[in-house]
Structure formats: structure tokens, C-alpha cells
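A short worksheet on the structure shown next.
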Amino acid sequence: RSPDAVQLLGTRFLETDVVAQLRPREIVMALWGMARTRTRNTHVLMGLARVVWSDEMLPTFDSGNMASAAWSFAKLGFHHDYLMDQVAGRMIEILKTEEQIDPRCIANVAWAYATLGIQNRPLMDSLATRTLAGTYLPGFKSQEVANMLWAFAKLGVQHPLLLKRVAALLKTGRALGRYNSQELANTAWAYATLGFKEQELFAKLAGRITQPGFLARFKPQEISNTAWAFAKLGAHHEALMAAIAEQLLSGGVVQSLVPQGISNTAWAYATLGLTEHPALMGALAQRMMDAQFLATFKAQEVANVAWAFASLGLADVTLMGALARQVMADSFI
């Protein structure tokens, strides 16, 4: 489907004679098509939102259609508080009454609200309760579990029981072996962001990540986020941090790190007191010698880097001078 065709169909959906005949599936198909083609027409989206939250339509949505609608609105960055409040209310009803709910629906709803930055605590609690019911959680795919954790962490929603049960699942059996790099990085990031210490789980994560060849699959941001997560929770795994340093130094990976990635990496090694990686720290410093690149750093990122080098006893005069000039720049202050 081309964006123009999808937009035309979306506009046609809003015509009076069509709206009267719409069912949830047709609405979801229109929204999904717009999301997949990145066709963001606010007028059409607003019209479809009104149809979704109408008293006649909303009660007819089941879990699959409700989750798809929420996912599509979030994918398109359509933030409308009333709409998402109504969707949350309907989803809470569904979670209590619908017997068979695909785990993907639960994960997609959580992802949608986190992506839009909407913290609806009753909804998140209901999603967690359904996830933890009976033997439901083991039926989740790795991406669905990782997305759930990411959503709770992104919204800052604490749910210790959910975190404990997920950790227990990952520490036993072969579940962790099915996780890809993004899912592992997001899992570590979520636990660290929520400040939930699970040393045994992090030992398992470290073991999985350091398996031969696996770390090479990580994107630069996934590597820096993983290093940050282990440091944030004080999880000391020297073999992992040595492997991360080696991976960052190979193939110019350091050159692909964004400012936050450099800041997080430097902060992680300093926080863990790892003084035996001067080559990595030198590469990070060299990357920041590009004045244009350094100008993109936020104040906190500059502060983290300066603290990290000082904490590790690395007196890089050139770097510190560059950081000082950046701090004194009019545009920075």
C-alpha cells in the first residue's frame, strides 16, 4: 500500500455512510495501514479516534483489535489523552473478562503507552496481573517479555512481582538462549532503570552475552546500554566488561557511539572501578576530539565523561580542555 492510497482510504472511512457500517476490524486495518506506511494525517487519525471511543464502537473491541489500535496510534505518535484513557478502560475490562488473550496483545498495549509516555497505572497493573496469572508468562515470546519490561521501565512503573517472576523464568531452562541482542540489552536496561537488583539474573545475562561471537551482534547503543545497566546495579562481571571493551575497540565501533553511548560507557567503567581498560578510554577520548561531535553533547553527558576520567585517574589534559571549552561555550550554558 502506498501512503497516498492509505490516506485516501482513511479519508473515505470518515464519510458518514461508511462510518455507520464500520466494525473494529476495518478501523484497525485502516490504522495499521497508516502506521506501516508512516502516513500521519492528523485529521484522519482524529476522525478514527472519535469512532474508536464512541459509545457504540468501543465496547465491541476485543483484545486483538484494541491492542492493534493502541499500537498503531503509538507508532504514528498520535498522543491524545482522552482516546488513550478510553482505550485503557476498555482494555482493563477485556483483561478481566476475555479468556484467551494473545501475549502479543498485552505486550503491544504496554509498548504503546510507554512509547506515548502515558503512565496509566491501573492499566499497567492489570497488564501485569494478567501476565502473572497461572502459567501464562511462559507462553510469552522473548520479544514480548522484553517489550513488557521496557515499557514498565520507560514509564517508571514499579512492579516487583513481575520483575521477580520474569527473572525466575530467565534463570531457568533455555528461555535466555532465545533472546537476541536487543532483547537482552533492553532486559538489562529495564532492571537497572527500575533499580531492581537481580545478581543471579545478571550473572546469567553476562554468561549469555559473552558466548563466542554473540556480542558482535550487538549494535553500539545496545553495548553501551548493557554496560550502563551492569554498572547501575553494581553487577561486577569483569569478563563481560573486558569483552565489551574489546568489541568497542574492534572495527571502529566506538566511532558509531552517540554522545549518550560514550557518556554511559565511560560512566560504567568508572563506576565499576575498572582501571585496566586505558585503550578503551583513550578511544572514547579520541572520539570526543571532534569539536562538531562534542558540541552535540548534553551537559549531563559532559559531566559524566569528566567525572569518569577523573575517577579512573586518567589525566587526559587535551580531553579536559575540550570539555572545559564546551562547558564555557555560550550555546552550551
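The values are calculated or read from the model by the stated rules, or taken from the named source; none is laboratory data. Values in this document were obtained by computation on a predicted structure and should not be read as measured data. Neighbour counts run over all protein chains shown; Cβ positions are idealised from the backbone, glycine included.
Output the qualifying pairs, or none if there are none: Cβ atoms under 6 angstrom, residues six or more apart or on different chains, first residue in segment 177-201 and over 22 Å from K141 (Cα atoms), second residue of a type in the set (A, V, I, L, M) and not in a helix (DSSP H, G or I).
K197/L233
Can you tell me which residues in segment 286-333 are in a loop (DSSP other than H, G, I, E, B), modelled with pLDDT of 90 or more and either among the aromatic types (F, W, Y) or not assigned by TED's automatic domain parsing to the domain that holds N264 (or both)?
Matches in segment 286-333: F297 only.
Go through the residues of segment 189-207 one by one and say whether even a single one is under 21 Å from T131 (Cα atoms), touching a Leu at 6+ places or on another chain (Cβ under 8 Å) and of a type in the set (D, E).
Within segment 189-207 (the criterion being under 21 Å from T131 (Cα atoms), touching a Leu at 6+ places or on another chain (Cβ under 8 Å) and of a type in the set (D, E)), the answer is yes, since at least one residue qualifies.
Which residue, of A203, A216, A168, A188, is small (G, A, S) and crowded, with 17+ Cβ neighbours inside 10 Å?
Details: A203 fails: crowded, with 17+ Cβ neighbours inside 10 Å; A216 fails: crowded, with 17+ Cβ neighbours inside 10 Å; A168 fails: crowded, with 17+ Cβ neighbours inside 10 Å.
Matching residue, one of A203, A216, A168, A188: A188.
Mind checking whether some residue in segment 112-123 is among the charged types (D, E, K, R) and touching a residue at least 40 places away in the same chain (Cβ under 8 Å)?
First, the residues of segment 112-123 that are among the charged types (D, E, K, R): 121.
Checking which are touching a residue at least 40 places away in the same chain (Cβ under 8 Å) leaves us with none.
So far as segment 112-123 goes, no, none of its residues is among the charged types (D, E, K, R) and touching a residue at least 40 places away in the same chain (Cβ under 8 Å).
So which residues in segment 204-238 are assigned to a helix (DSSP H, G or I) and out of contact with any helix residue (DSSP H, G or I) (no Cβ under 7 Å at 6 or more places or on another chain)? Steps first, please.
The first filter runs over segment 204-238 and keeps only residues assigned to a helix (DSSP H, G or I), leaving 204-209, 215-217, 220-232, 238.
Listed by number, the residues that qualify are G207, E238.
Every residue in segment 73-101 that is under 23 Å from the mean Cα position of the chain (by Cα) and either at pLDDT below 95 or at positive phi (or both), please.
Scanning segment 73-101 gives a single hit, G77.
Give the residues of segment 48-72 that are closer than 14 Å to E26 by Cβ, assigned to a helix (DSSP H, G or I) and under 29 Å from the mean Cα position of the chain (by Cα), sorted by residue number.
Residues satisfying the conditions are L48, V52, G64, N65, S68, A69, S72.
Determine if segment 122-136 includes at least one residue that is in contact with a helix residue (DSSP H, G or I) (Cβ under 7 Å, 6 or more places away or on another chain) and among the basic types (K, R).
The answer is yes, given that some residue of segment 122-136 is in contact with a helix residue (DSSP H, G or I) (Cβ under 7 Å, 6 or more places away or on another chain) and among the basic types (K, R).
Looking only at segment 44-63, filter to residues that are touching a Gly at 6+ places or on another chain (Cβ under 9 Å) and over 21 Å from L95 (Cβ atoms); which one of those is surrounded by the most Cβ atoms within 10 Å (Cβ to Cβ)? Explain how you work it out, then say what you get.
In the first step, residues of segment 44-63 are kept if they are touching a Gly at 6+ places or on another chain (Cβ under 9 Å); the result is 44-45, 47-48, 58.
With the extra rule that they be over 21 Å from L95 (Cβ atoms), the set shrinks to 44-45, 47-48.
On the way: V44: 22, L45: 22, G47: 17, L48: 26.
Top of the filtered list is L48.
All but one of (1) closer than 30 Å to A114 by Cα; (2) surrounded by fewer than 15 Cβ atoms within 10 Å (Cβ to Cβ); (3) at pLDDT 95 or above; (4) not β-branched (V, I, T) hold for R174, so report the exception by its number.
(3)
When you go through (1) out of contact with any helix residue (DSSP H, G or I) (no Cβ under 7 Å at 6 or more places or on another chain); (2) at pLDDT below 90; (3) surrounded by 15 or more Cβ atoms within 10 Å (Cβ to Cβ) one by one for A5, which number turns out not to apply?
The failed condition is (3).
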